[in-house]
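Structure first, commentary second.
The values are calculated or read from the model by the stated rules, or taken from the named source; none is laboratory data. Not measured: the values here are computed from a predicted model. Here the Cβ positions follow ideal geometry from the backbone for every residue, glycine too, while neighbour counts run over all protein chains shown.
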Amino acid sequence: MDALSRLHDVSGGFYLSSFSALDRYFSGEMSKNVYVTVKGNVVDLARVYDNLEYPGLDHVDAALEHGDRRYYFRCVDDLPPRNTFPVMDLLYDPHRDTYWDPFSVYHDLRREELECPVGDEPLVVGDAAVLVSRYSYAVPAKLPAMRTGIRIPVEIQRRIFIDLLTGVAPDKGLAVLKETGFLAEYWPLLAEMDGTEHSKEGHPEGNVWKHTLETLRHRKTRDLLLATVLLLHDCGKPFATATRENLFDKHAEIGAERAGKFLFRLGFTDEFVRDARWLIRHHMIPGALHRLPTYRTAPLMASMLFPFLLEFYRCDLLSTYRGPENYYRACKIYRRFVKNSANPYRDAEGKKIFRLYVE
(Lines give C-alpha, C1' and ligand atoms only; values in the text may rest on other atoms or scores of the structure.)
Protein backbone atom coordinates (compact mmCIF):
# COMPACT_ATOMS: atom_id res chain seq x y z
CA MET A 1 0.00 0.00 0.00
CA ASP A 2 2.30 2.69 -1.34
CA ALA A 3 -0.16 5.46 -0.53
CA LEU A 4 0.42 4.97 3.20
CA SER A 5 4.20 5.37 2.99
CA ARG A 6 3.72 9.12 2.65
CA LEU A 7 1.88 9.25 5.97
CA HIS A 8 5.15 8.88 7.86
CA ASP A 9 5.48 12.63 7.32
CA VAL A 10 2.51 13.17 9.68
CA SER A 11 4.09 13.80 13.08
CA GLY A 12 1.47 11.96 15.17
CA GLY A 13 1.67 8.71 13.22
CA PHE A 14 -1.09 6.55 11.81
CA TYR A 15 -2.73 3.16 12.32
CA LEU A 16 -4.67 0.68 10.28
CA SER A 17 -8.09 0.51 11.90
CA SER A 18 -11.46 -1.22 11.71
CA PHE A 19 -11.52 -4.10 9.17
CA SER A 20 -8.00 -3.29 7.95
CA ALA A 21 -6.53 -3.90 11.42
CA LEU A 22 -8.55 -7.10 11.77
CA ASP A 23 -7.39 -8.30 8.33
CA ARG A 24 -3.82 -7.81 9.53
CA TYR A 25 -4.47 -9.52 12.87
CA PHE A 26 -6.12 -12.58 11.30
CA SER A 27 -3.57 -12.66 8.44
CA GLY A 28 -6.37 -12.22 5.95
CA GLU A 29 -6.42 -10.70 2.50
CA MET A 30 -6.78 -6.92 2.65
CA SER A 31 -9.96 -5.42 1.26
CA LYS A 32 -9.92 -2.83 -1.50
CA ASN A 33 -11.20 -0.47 1.20
CA VAL A 34 -8.45 0.55 3.61
CA TYR A 35 -9.32 2.18 6.94
CA VAL A 36 -6.72 4.45 8.52
CA THR A 37 -6.72 6.38 11.80
CA VAL A 38 -4.35 9.36 11.74
CA LYS A 39 -3.11 11.22 14.80
CA GLY A 40 -3.41 14.67 13.34
CA ASN A 41 -5.95 16.72 11.43
CA VAL A 42 -7.22 17.13 7.90
CA VAL A 43 -4.75 19.95 7.27
CA ASP A 44 -1.91 17.50 7.98
CA LEU A 45 -3.41 15.06 5.46
CA ALA A 46 -3.89 17.76 2.86
CA ARG A 47 -0.18 18.57 3.06
CA VAL A 48 0.61 14.94 2.20
CA TYR A 49 -1.99 14.23 -0.50
CA ASP A 50 -3.03 16.54 -3.32
CA ASN A 51 -6.12 14.62 -4.40
CA LEU A 52 -8.00 14.11 -1.13
CA GLU A 53 -11.78 13.82 -1.20
CA TYR A 54 -14.16 14.83 1.57
CA PRO A 55 -17.15 12.46 1.34
CA GLY A 56 -18.98 13.86 4.37
CA LEU A 57 -19.47 10.49 6.09
CA ASP A 58 -19.60 9.83 9.82
CA HIS A 59 -16.19 8.85 11.20
CA VAL A 60 -14.53 9.64 7.84
CA ASP A 61 -12.66 12.92 7.52
CA ALA A 62 -11.14 12.31 4.09
CA ALA A 63 -10.82 9.67 1.39
CA LEU A 64 -8.26 8.88 -1.28
CA GLU A 65 -8.44 6.83 -4.47
CA HIS A 66 -5.07 5.23 -5.19
CA GLY A 67 -4.58 2.35 -7.61
CA ASP A 68 -7.30 -0.24 -7.05
CA ARG A 69 -7.86 0.76 -3.40
CA ARG A 70 -9.85 3.43 -1.65
CA TYR A 71 -8.47 4.80 1.62
CA TYR A 72 -10.70 6.20 4.36
CA PHE A 73 -9.01 8.47 6.91
CA ARG A 74 -10.21 9.31 10.40
CA CYS A 75 -8.29 12.10 12.14
CA VAL A 76 -8.02 12.05 15.96
CA ASP A 77 -6.22 14.08 18.62
CA ASP A 78 -5.95 11.32 21.20
CA LEU A 79 -8.25 8.31 21.52
CA PRO A 80 -10.34 7.43 18.44
CA PRO A 81 -14.14 7.21 18.79
CA ARG A 82 -15.60 3.76 19.38
CA ASN A 83 -16.90 1.61 16.53
CA THR A 84 -20.17 -0.31 16.34
CA PHE A 85 -18.54 -3.54 17.57
CA PRO A 86 -15.68 -3.63 20.13
CA VAL A 87 -13.46 -5.88 17.97
CA MET A 88 -13.31 -3.08 15.40
CA ASP A 89 -11.49 -0.84 17.92
CA LEU A 90 -8.17 -2.66 17.47
CA LEU A 91 -5.45 -0.56 15.79
CA TYR A 92 -2.27 -1.64 14.01
CA ASP A 93 0.89 0.43 13.58
CA PRO A 94 2.56 -0.76 10.34
CA HIS A 95 5.69 1.31 11.01
CA ARG A 96 6.44 -0.40 14.34
CA ASP A 97 4.62 -3.66 13.48
CA THR A 98 2.67 -3.46 16.74
CA TYR A 99 -0.96 -3.30 17.78
CA TRP A 100 -2.56 -0.61 19.90
CA ASP A 101 -5.52 -1.70 22.01
CA PRO A 102 -6.79 1.52 23.64
CA PHE A 103 -10.10 0.01 24.77
CA SER A 104 -8.88 -3.43 25.93
CA VAL A 105 -10.65 -5.45 23.26
CA TYR A 106 -7.86 -8.00 22.79
CA HIS A 107 -9.68 -10.79 24.63
CA ASP A 108 -12.77 -10.24 22.49
CA LEU A 109 -10.92 -10.91 19.25
CA ARG A 110 -11.09 -14.70 19.59
CA ARG A 111 -14.66 -14.88 20.84
CA GLU A 112 -16.97 -17.00 18.71
CA GLU A 113 -19.92 -14.63 18.97
CA LEU A 114 -19.73 -10.88 18.48
CA GLU A 115 -20.50 -8.77 21.52
CA CYS A 116 -23.64 -6.66 21.55
CA PRO A 117 -23.16 -3.69 19.22
CA VAL A 118 -22.73 -0.06 20.16
CA GLY A 119 -24.83 2.41 18.16
CA ASP A 120 -27.86 2.37 15.90
CA GLU A 121 -28.76 0.26 12.93
CA PRO A 122 -28.47 0.12 9.91
CA LEU A 123 -24.68 0.60 10.19
CA VAL A 124 -24.67 -2.03 12.94
CA VAL A 125 -26.27 -4.51 10.53
CA GLY A 126 -23.79 -3.66 7.77
CA ASP A 127 -20.77 -4.01 10.08
CA ALA A 128 -22.10 -7.28 11.49
CA ALA A 129 -22.52 -8.68 7.98
CA VAL A 130 -18.95 -7.74 7.08
CA LEU A 131 -17.53 -9.17 10.31
CA VAL A 132 -19.16 -12.59 9.87
CA SER A 133 -18.16 -12.73 6.20
CA ARG A 134 -14.49 -11.78 6.73
CA TYR A 135 -13.76 -13.53 10.05
CA SER A 136 -14.99 -16.52 12.04
CA TYR A 137 -17.59 -14.68 14.08
CA ALA A 138 -21.19 -15.62 14.79
CA VAL A 139 -23.93 -13.02 14.68
CA PRO A 140 -24.78 -11.52 18.09
CA ALA A 141 -28.05 -12.68 19.55
CA LYS A 142 -29.36 -9.12 19.97
CA LEU A 143 -28.65 -7.79 16.49
CA PRO A 144 -31.36 -5.21 15.77
CA ALA A 145 -33.82 -5.66 12.94
CA MET A 146 -33.93 -3.01 10.27
CA ARG A 147 -36.31 -0.10 10.46
CA THR A 148 -37.61 1.33 7.20
CA GLY A 149 -36.97 4.84 5.97
CA ILE A 150 -33.43 5.30 7.30
CA ARG A 151 -31.08 6.61 4.65
CA ILE A 152 -27.60 5.13 4.14
CA PRO A 153 -25.24 7.10 1.86
CA VAL A 154 -24.39 5.27 -1.35
CA GLU A 155 -20.68 5.27 -0.49
CA ILE A 156 -21.32 3.40 2.75
CA GLN A 157 -23.47 0.89 0.87
CA ARG A 158 -20.63 0.35 -1.60
CA ARG A 159 -18.16 -0.12 1.26
CA ILE A 160 -20.39 -2.78 2.82
CA PHE A 161 -20.83 -4.47 -0.57
CA ILE A 162 -17.08 -4.63 -1.25
CA ASP A 163 -15.92 -5.59 2.24
CA LEU A 164 -18.57 -8.31 2.49
CA LEU A 165 -18.13 -9.87 -0.96
CA THR A 166 -14.32 -10.06 -0.63
CA GLY A 167 -14.61 -11.93 2.66
CA VAL A 168 -13.95 -15.65 3.02
CA ALA A 169 -17.65 -16.41 3.59
CA PRO A 170 -19.81 -13.75 1.88
CA ASP A 171 -22.80 -16.08 1.99
CA LYS A 172 -22.91 -15.67 5.79
CA GLY A 173 -22.86 -11.89 5.58
CA LEU A 174 -25.52 -11.85 2.88
CA ALA A 175 -27.72 -14.06 5.04
CA VAL A 176 -27.45 -11.46 7.82
CA LEU A 177 -28.49 -8.68 5.44
CA LYS A 178 -31.48 -10.68 4.25
CA GLU A 179 -32.68 -11.79 7.70
CA THR A 180 -32.51 -8.28 9.14
CA GLY A 181 -34.40 -6.70 6.24
CA PHE A 182 -31.39 -4.78 4.91
CA LEU A 183 -31.73 -6.29 1.43
CA ALA A 184 -35.41 -5.51 1.16
CA GLU A 185 -34.80 -1.91 2.23
CA TYR A 186 -31.63 -1.02 0.31
CA TRP A 187 -30.91 -3.73 -2.27
CA PRO A 188 -34.36 -5.03 -3.30
CA LEU A 189 -32.91 -6.50 -6.51
CA LEU A 190 -31.25 -9.15 -4.34
CA ALA A 191 -34.26 -9.64 -2.10
CA GLU A 192 -36.39 -10.53 -5.14
CA MET A 193 -34.32 -13.66 -5.73
CA ASP A 194 -35.54 -15.32 -2.54
CA GLY A 195 -39.09 -15.40 -3.88
CA THR A 196 -38.18 -17.08 -7.17
CA GLU A 197 -38.27 -20.88 -7.26
CA HIS A 198 -36.13 -23.19 -9.38
CA SER A 199 -37.05 -26.59 -10.71
CA LYS A 200 -35.75 -29.17 -8.26
CA GLU A 201 -34.29 -31.27 -11.11
CA GLY A 202 -31.99 -28.52 -12.31
CA HIS A 203 -31.32 -26.82 -8.98
CA PRO A 204 -31.74 -29.16 -6.01
CA GLU A 205 -29.87 -26.62 -3.84
CA GLY A 206 -32.99 -24.44 -3.66
CA ASN A 207 -34.47 -21.23 -5.02
CA VAL A 208 -32.55 -18.52 -6.87
CA TRP A 209 -31.26 -16.93 -3.65
CA LYS A 210 -30.03 -20.22 -2.14
CA HIS A 211 -28.41 -21.11 -5.46
CA THR A 212 -26.65 -17.73 -5.52
CA LEU A 213 -25.24 -18.19 -2.01
CA GLU A 214 -24.05 -21.67 -2.96
CA THR A 215 -22.11 -20.38 -5.98
CA LEU A 216 -20.10 -18.07 -3.71
CA ARG A 217 -18.91 -21.04 -1.65
CA HIS A 218 -17.07 -22.48 -4.68
CA ARG A 219 -14.76 -19.51 -5.40
CA LYS A 220 -11.01 -20.13 -5.61
CA THR A 221 -10.18 -16.46 -5.00
CA ARG A 222 -11.75 -13.47 -3.24
CA ASP A 223 -11.74 -11.37 -6.40
CA LEU A 224 -14.38 -8.64 -6.24
CA LEU A 225 -15.53 -8.90 -9.87
CA LEU A 226 -15.99 -12.66 -9.62
CA ALA A 227 -17.97 -12.37 -6.38
CA THR A 228 -20.09 -9.57 -7.87
CA VAL A 229 -21.11 -11.49 -10.97
CA LEU A 230 -21.79 -14.64 -8.96
CA LEU A 231 -24.07 -12.60 -6.69
CA LEU A 232 -25.91 -10.94 -9.56
CA HIS A 233 -25.81 -13.51 -12.35
CA ASP A 234 -29.39 -14.71 -11.82
CA CYS A 235 -30.90 -11.41 -10.71
CA GLY A 236 -32.88 -11.34 -13.98
CA LYS A 237 -34.81 -14.54 -13.20
CA PRO A 238 -37.51 -12.88 -11.05
CA PHE A 239 -38.29 -10.62 -14.01
CA ALA A 240 -38.05 -13.19 -16.81
CA THR A 241 -41.05 -14.67 -18.63
CA ALA A 242 -41.58 -18.42 -18.69
CA THR A 243 -41.92 -20.08 -22.08
CA ARG A 244 -42.50 -23.68 -23.09
CA GLU A 245 -38.79 -24.14 -23.70
CA ASN A 246 -37.34 -21.97 -20.94
CA LEU A 247 -38.61 -21.25 -17.44
CA PHE A 248 -36.55 -18.02 -17.31
CA ASP A 249 -36.40 -16.84 -20.91
CA LYS A 250 -33.67 -14.23 -21.59
CA HIS A 251 -32.81 -14.02 -17.89
CA ALA A 252 -29.11 -13.44 -18.67
CA GLU A 253 -29.86 -10.38 -20.81
CA ILE A 254 -32.39 -9.04 -18.29
CA GLY A 255 -29.97 -9.69 -15.44
CA ALA A 256 -27.11 -7.90 -17.18
CA GLU A 257 -29.20 -4.75 -17.56
CA ARG A 258 -30.56 -4.77 -14.01
CA ALA A 259 -27.16 -5.61 -12.51
CA GLY A 260 -25.60 -2.74 -14.45
CA LYS A 261 -28.12 -0.27 -13.04
CA PHE A 262 -27.61 -1.63 -9.52
CA LEU A 263 -23.82 -1.32 -9.72
CA PHE A 264 -23.98 2.15 -11.27
CA ARG A 265 -26.22 3.24 -8.40
CA LEU A 266 -23.60 2.01 -5.94
CA GLY A 267 -21.00 4.14 -7.68
CA PHE A 268 -18.83 1.51 -9.37
CA THR A 269 -16.70 2.58 -12.33
CA ASP A 270 -17.83 2.31 -15.93
CA GLU A 271 -15.17 -0.31 -16.62
CA PHE A 272 -16.20 -2.49 -13.66
CA VAL A 273 -19.88 -2.30 -14.61
CA ARG A 274 -19.12 -3.02 -18.27
CA ASP A 275 -17.15 -6.17 -17.37
CA ALA A 276 -19.81 -7.35 -14.92
CA ARG A 277 -22.57 -6.89 -17.49
CA TRP A 278 -20.59 -8.79 -20.16
CA LEU A 279 -19.98 -11.73 -17.82
CA ILE A 280 -23.59 -11.92 -16.66
CA ARG A 281 -24.97 -11.59 -20.19
CA HIS A 282 -22.80 -14.48 -21.45
CA HIS A 283 -22.77 -16.74 -18.38
CA MET A 284 -24.74 -19.46 -20.20
CA ILE A 285 -22.22 -19.70 -23.06
CA PRO A 286 -19.56 -22.02 -21.53
CA GLY A 287 -22.14 -24.76 -21.00
CA ALA A 288 -23.20 -24.50 -24.66
CA LEU A 289 -19.75 -24.22 -26.29
CA HIS A 290 -19.82 -27.79 -27.58
CA ARG A 291 -23.16 -27.17 -29.35
CA LEU A 292 -22.39 -23.79 -30.91
CA PRO A 293 -20.41 -23.20 -34.12
CA THR A 294 -17.01 -21.62 -33.66
CA TYR A 295 -17.86 -18.60 -35.80
CA ARG A 296 -20.45 -17.64 -33.14
CA THR A 297 -18.30 -18.28 -30.08
CA ALA A 298 -14.93 -17.08 -31.43
CA PRO A 299 -15.57 -13.35 -30.68
CA LEU A 300 -16.46 -14.27 -27.11
CA MET A 301 -13.52 -16.62 -26.59
CA ALA A 302 -11.23 -13.91 -27.96
CA SER A 303 -12.18 -11.66 -25.04
CA MET A 304 -9.70 -11.24 -22.18
CA LEU A 305 -12.65 -11.91 -19.87
CA PHE A 306 -13.35 -15.40 -21.19
CA PRO A 307 -11.05 -17.26 -18.74
CA PHE A 308 -12.89 -15.37 -16.02
CA LEU A 309 -16.19 -16.52 -17.54
CA LEU A 310 -15.00 -20.13 -17.31
CA GLU A 311 -14.25 -19.78 -13.60
CA PHE A 312 -17.65 -18.14 -13.17
CA TYR A 313 -19.21 -21.14 -14.95
CA ARG A 314 -17.34 -23.59 -12.71
CA CYS A 315 -18.79 -22.00 -9.55
CA ASP A 316 -22.26 -21.86 -11.08
CA LEU A 317 -22.09 -25.50 -12.20
CA LEU A 318 -20.75 -26.92 -8.94
CA SER A 319 -23.41 -25.11 -6.93
CA THR A 320 -26.02 -27.37 -8.57
CA TYR A 321 -24.23 -30.44 -7.16
CA ARG A 322 -23.31 -31.63 -10.64
CA GLY A 323 -19.85 -32.85 -11.46
CA PRO A 324 -17.25 -30.67 -13.20
CA GLU A 325 -17.23 -32.61 -16.48
CA ASN A 326 -18.96 -29.88 -18.51
CA TYR A 327 -16.54 -27.30 -17.13
CA TYR A 328 -13.54 -29.37 -18.23
CA ARG A 329 -15.12 -29.83 -21.66
CA ALA A 330 -15.54 -26.06 -22.01
CA CYS A 331 -11.93 -25.51 -20.93
CA LYS A 332 -10.75 -28.01 -23.54
CA ILE A 333 -12.65 -26.20 -26.30
CA TYR A 334 -11.25 -22.86 -25.16
CA ARG A 335 -7.65 -24.15 -25.02
CA ARG A 336 -8.01 -25.51 -28.55
CA PHE A 337 -9.33 -22.14 -29.73
CA VAL A 338 -6.41 -20.27 -28.11
CA LYS A 339 -3.90 -22.68 -29.64
CA ASN A 340 -5.39 -22.34 -33.12
CA SER A 341 -5.69 -18.56 -32.82
CA ALA A 342 -1.97 -18.34 -32.14
CA ASN A 343 -1.17 -20.49 -35.16
CA PRO A 344 -1.07 -18.44 -38.41
CA TYR A 345 -1.48 -21.61 -40.46
CA ARG A 346 -4.82 -22.68 -38.94
CA ASP A 347 -8.23 -21.05 -38.72
CA ALA A 348 -10.22 -20.73 -35.49
CA GLU A 349 -11.63 -24.25 -35.93
CA GLY A 350 -8.16 -25.74 -36.38
CA LYS A 351 -8.38 -26.38 -40.11
CA LYS A 352 -5.11 -25.94 -41.98
CA ILE A 353 -5.32 -22.72 -43.99
CA PHE A 354 -2.53 -23.87 -46.34
CA ARG A 355 -4.56 -26.86 -47.52
CA LEU A 356 -7.74 -24.81 -47.84
CA TYR A 357 -6.40 -22.07 -50.04
CA VAL A 358 -3.18 -23.31 -51.66
CA GLU A 359 -3.28 -26.02 -54.30
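Listed residues Val168, Val154, Val130; which is surrounded by 20 or more Cβ atoms within 10 Å (Cβ to Cβ) and touching a residue at least 40 places away in the same chain (Cβ under 8 Å)? Exactly one residue qualifies, and that residue is Val130.
Tell me whether region 261-274 contains one or more residues that are touching a strand residue (DSSP E or B) at 6+ places or on another chain (Cβ under 8 Å) and crowded, with 16+ Cβ neighbours inside 10 Å.
So far as region 261-274 goes, no, none of its residues is touching a strand residue (DSSP E or B) at 6+ places or on another chain (Cβ under 8 Å) and crowded, with 16+ Cβ neighbours inside 10 Å.
Looking at region 1-56, the helices (runs of 4 or more DSSP H) lying wholly inside it that each contain 1 or more residues that are more than 17 Å from Asp68 (Cα to Cα) and not small (Gly, Ala, Ser) sit at 18-25, 42-48. Step by step: first the residues of region 262-305, then only those that are assigned to a helix (DSSP H, G or I) and polar (S, T, N, Q), then the one that is farthest from Asp234 (Cα to Cα). Which residue is that? Only one residue fits best here, namely Thr294.
Taking (1) free of Cβ contacts under 8 Å to residues at least 40 places away in the same chain; (2) farther than 15 Å from Leu213 by Cβ in turn, Thr180 satisfies each apart from (1). Does Val168 satisfy the criteria of being at pLDDT 90 or above and part of a loop (DSSP other than H, G, I, E, B)? Judged against the criteria, Val168 is a match. For residues that are surrounded by 14 or more Cβ atoms within 10 Å (Cβ to Cβ) and part of a helix (DSSP H, G or I), scanning just region 107-127, find the one that is farthest from the chain's Cα centre (by Cα). Top of the filtered list is Asp108.
Inspect region 217-225 for any residue being part of a helix (DSSP H, G or I), buried (at least 21 other Cβ atoms within 10 Å of the Cβ) and outside the structural domain of Lys32 (by TED's automatic domain parsing) and give the result as yes or no.
Within region 217-225, none of the residues are part of a helix (DSSP H, G or I), buried (at least 21 other Cβ atoms within 10 Å of the Cβ) and outside the structural domain of Lys32 (by TED's automatic domain parsing).
Answer yes or no: is there a residue in region 277-294 that is among the polar types (S, T, N, Q) and over 28 Å from Ile160 (Cα atoms). Reasoning before the result, please.
Start the filter on region 277-294 by keeping residues that are among the polar types (S, T, N, Q), which leaves 294.
Then keep just the ones that are over 28 Å from Ile160 (Cα atoms); that gives 294.
The answer is yes, given that some residue of region 277-294 is among the polar types (S, T, N, Q) and over 28 Å from Ile160 (Cα atoms).
Applying the selection to region 233-247, what residues are assigned to a loop (DSSP other than H, G, I, E, B) and in contact with a strand residue (DSSP E or B) (Cβ under 8 Å, 6 or more places away or on another chain)? Break it down stepwise before answering.
Within region 233-247, the first condition is being assigned to a loop (DSSP other than H, G, I, E, B), and the residues that meet it are 233-236, 240, 242-247.
If the condition is that a residue be assigned to a loop (DSSP other than H, G, I, E, B) and in contact with a strand residue (DSSP E or B) (Cβ under 8 Å, 6 or more places away or on another chain), then Ala240, Ala242, Thr243 are the ones that fit.
For region 306-326, filtering for residues that are part of a loop (DSSP other than H, G, I, E, B) and either free of Cβ contacts under 8 Å to residues at least 24 places away in the same chain or touching a Phe, Trp or Tyr at 6+ places or on another chain (Cβ under 7 Å) (or both) leaves 3. In this structure, Arg265 does not qualify as modelled with pLDDT under 95 and assigned by TED's automatic domain parsing to the domain that holds Thr215.
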